[in-house]
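Note sheet for the following structure.
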Amino acid sequence: MTSTTLRKKLFPSQLDNETIFLVVREHWVHLLLKIIVWAFFAAALPLFSYLAHAYTPAIFDGRSGHAFSLITQIYTLFLALSLLLIWVFYYLNIQIITDIRIVDIDQVGLFSHVVSELHIDKIEDVTSETDGILGTIFNYGYVYVQTAGTIERFEFQNVPHPASIEKLILDLYEKNSNFAKDTGNNAAQRQLP
């Protein structure tokens with residue numbers, strides 16, 4: 001076997017000669033904000049348990065104690081599941097920019113994802129947007145890719161360095177359109193007698 005047959009593909013329709021320029025995920029600050037909210041809910045459990053022990057110790061006796069224990073275990077299970085989902089959605093929601101296309105992989109649910117592809121030559125417009133104080137400080141925002149296809153607009157949400165991503169996409173578009181024009185001109189010149 002050659003090394004090209006063993007090469008791992010990042011997305012299902014990736015070609016063997018396709019060059020990947022960028023794989024982008026949500027900015028780490030946005031992930032951190034989600035984890036801070038999760039930590040608030042995680043800290044609420046021991047705080048509530050401490051206050052309940054201090055002010056209403058009778059709640060832990062008999063059937064109410066069993067019910068409280070069950071509710072605590074269910075809450076802990078939901079905390080663990082929500083942390084897992086935060087990580088899964090962060091890790092599996094990616095945008096890939098290659099020399100041929102843009103691939104947007106959206107993890108919609110735990111067992112459901114959507115893969116959308118846009119060929120570079122179908123791009124009509126690219127816009128980047130940085131919004132808010134955190135977006136400006138940490139340089140993350142949105143990139144919108146306008147197309148004439150069935151999916152009218154690709155959105156990259158909360159990605160790092162949106163202006164750089166916009167420039168990369170526009171450079172690849174110009175390179176592809178120049179390549180297509182050069183190939184078309186060369187073919188037309190070859191056909192002339």
**Report entry** Hits in segment 142-175 (condition: more than 12 Å from I120 (Cβ to Cβ), buried (at least 19 other Cβ atoms within 10 Å of the Cβ) and in contact (Cβ under 8 Å) with a residue 60 or more places away in the chain)
**Finding:** F156, N158, V159, I165
Query raised in the report: Quick check: is even one residue across segment 163-185 assigned to a helix (DSSP H, G or I), at pLDDT below 65 and among the polar types (S, T, N, Q)?
Result: yes
Query - Unmet criterion (only one of (1) within 26 Å of D171 (Cβ to Cβ); (2) exposed (fewer than 12 other Cβ atoms within 10 Å of the Cβ); (3) β-branched (V, I, T)) for I94 - result: (2)
**Report entry** Enumeration of residues in segment 89-106 that are more than 9 Å from E117 (Cα to Cα), touching a helix residue (DSSP H, G or I) at 6+ places or on another chain (Cβ under 7 Å) and not aliphatic (A, V, I, L, M)
**Finding:** Y90, D99
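One line per residue, one yes/no per condition, for (1) farther than 30 Å from H119 by Cα; (2) aliphatic (A, V, I, L, M); (3) modelled with pLDDT under 85:
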{"site": "E18", "(1), (2), (3)": "no, no, no"}
{"site": "H30", "(1), (2), (3)": "no, no, no"}
{"site": "V37", "(1), (2), (3)": "yes, yes, no"}
{"site": "A42", "(1), (2), (3)": "yes, yes, no"}
{"site": "P46", "(1), (2), (3)": "yes, no, no"}
{"site": "L51", "(1), (2), (3)": "yes, yes, no"}
Requested in this report: Sort out which residues of segment 68-121 are of a type in the set (S, T, N, Q) and not in a helix (DSSP H, G or I), and write them in order of number.
Outcome: N93, Q95, T98, Q107, S112, S116
Report summary line: For F138, the lone unmet condition from (1) touching a Phe, Trp or Tyr at 6+ places or on another chain (Cβ under 9 Å); (2) within 22 Å of I20 (Cβ to Cβ) is (2)
Requested in this report: Identify the residue in segment 34-67 that is charged (D, E, K, R) and assigned to a helix (DSSP H, G or I) and, among all such residues, is nearest to I86 (Cα to Cα).
Outcome: K34
**Report entry** F11, sole failed condition from (1) within 30 Å of A163 (Cα to Cα); (2) hydrophobic (A, V, I, L, M, F, W, C); (3) modelled with pLDDT of 85 or more
**Finding:** (3)
Query raised in the report: Which of (1) part of a helix (DSSP H, G or I); (2) touching a residue at least 24 places away in the same chain (Cβ under 8 Å); (3) of a type in the set (F, W, Y) does F11 not meet, given it meets every other one?
Result: (1)
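Would a scan of segment 56-68 turn up a residue that is closer than 30 Å to H161 by Cα and surrounded by 13 or more Cβ atoms within 10 Å (Cβ to Cβ)? Before the answer, list the steps.
Kept after step one, since they are closer than 30 Å to H161 by Cα, are these residues of segment 56-68: none.
So far as segment 56-68 goes, no, none of its residues is closer than 30 Å to H161 by Cα and surrounded by 13 or more Cβ atoms within 10 Å (Cβ to Cβ).
Out of the residues in segment 87-141 that are among the aromatic types (F, W, Y) and without any contact (Cβ under 8 Å) to a residue 12 or more places away in the chain, state the one that is farthest from V24 (Cα to Cα).
Restricting attention to segment 87-141, the residues satisfying the condition of being among the aromatic types (F, W, Y) are 87, 89-91, 111, 138, 140.
Next, only the ones that are without any contact (Cβ under 8 Å) to a residue 12 or more places away in the chain stay: 87, 111.
Numbers: W87: 15, F111: 21 Å.
That would be F111.
Within segment 47-68, is even one residue under 23 Å from Q157 (Cα atoms) and out of contact with any His (no Cβ under 8 Å at 6 or more places or on another chain)?
Residues of segment 47-68 that are under 23 Å from Q157 (Cα atoms), as a first pass: none.
No, because not a single residue in segment 47-68 is under 23 Å from Q157 (Cα atoms) and out of contact with any His (no Cβ under 8 Å at 6 or more places or on another chain).
The values are calculated or read from the model by the stated rules, or taken from the named source; none is laboratory data. Everything quoted here is computed from the prediction, not taken from an experiment. Methodologically, a virtual Cβ is constructed for each residue, glycine included, from the backbone with ideal geometry; neighbour enumeration extends over all protein chains shown.
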